Amino acid sequence: MNEDREVLKLVGARIRALRKERGYSQESLGEKGGFHFSYIGQIERGEKNVSLVNLAKIAESLEVNLMQLFAYVDEDIHFTESEVVIQEIVAMLRDASPESIHLTRNVIREILKGS
């Protein structure tokens with residue numbers, strides 16, 4: 001039972017770290033994912049055994065790959081070079097204007113047409 005609680009605490013701590021990294025409050029993350037802020041708090045404290053479906057919604061709200069929720073803060077997880085580049089692109093777009101985001105999408109779409 002303690003091992004179960006430890007996994008919940010590790011995943012919760014990872015969600016908290018990612019949320020803070022993005023400057024989101026529990027309330028704003030909850031709104032993005034369709035959850036009450038108190039539910040986010042319970043997950044972050046390891047009090048809730050959150051479903052895989054809800055973890056996927058949280059990952060999407062944090063704009064990360066679901067696997068990144070399991071990259072515990074104190075463990076070394078390796079991502080492919082492509083995953084790292086994609087995350088860098090997402091980070092750059094996070095602060096971009098809506099116009100720049102749309103332009104970027106159109107450029108990427110054109111580049112990938114030739115692939």
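The values are calculated or read from the model by the stated rules, or taken from the named source; none is laboratory data. Everything numeric here is computed off the predicted structure, so don't read it as measured data. FYI the Cβ positions are ideal-geometry reconstructions off the backbone, even for glycines, and counts take in every protein chain you see. Accessible surface areas use protein heavy atoms only, side chains included; no ligands, DNA or RNA. Shrake-Rupley method; radii C 1.70, N 1.55, O 1.52, S 1.80 Å.
Go over the candidates Gly23, Gly34 one by one and state the one that is closer than 19 Å to Ala91 by Cα and surrounded by fewer than 14 Cβ atoms within 10 Å (Cβ to Cβ). On inspection, the qualifying residue turns out to be Gly23.
For the structure I just gave you, tell me whether Val11 is among the hydrophobic types (A, V, I, L, M, F, W, C), within 20 Å of Gln68 (Cβ to Cβ), in a helix (DSSP H, G or I) and more than 16 Å from the chain's Cα centre (by Cα). Taking the combined requirement at face value, the residue does not satisfy it. For Val50, are the conditions met, namely being over 13 Å from the mean Cα position of the chain (by Cα) and either over 25 Å from Ile108 (Cβ atoms) or open to solvent by 70 Å² or more (accessible area, probe 1.4 Å) (or both)? Spelling it out, Val50 is indeed over 13 Å from the mean Cα position of the chain (by Cα) and either over 25 Å from Ile108 (Cβ atoms) or open to solvent by 70 Å² or more (accessible area, probe 1.4 Å) (or both). When restricted to residues that are within 21 Å of the chain's Cα centre (by Cα) and more than 16 Å from Glu63 (Cα to Cα), region 92-103 contains 2. Can we say Glu3 is on the phi < 0 side of the Ramachandran plot, out of contact with any His (no Cβ under 7 Å at 6 or more places or on another chain), at pLDDT 90 or above and open to solvent by 70 Å² or more (accessible area, probe 1.4 Å)? The answer is no for Glu3.
Inspection of region 92-109 finds no residue satisfying the criterion of being in contact (Cβ under 8 Å) with a residue 24 or more places away in the chain and open to solvent by less than 60 Å² (accessible area, probe 1.4 Å).
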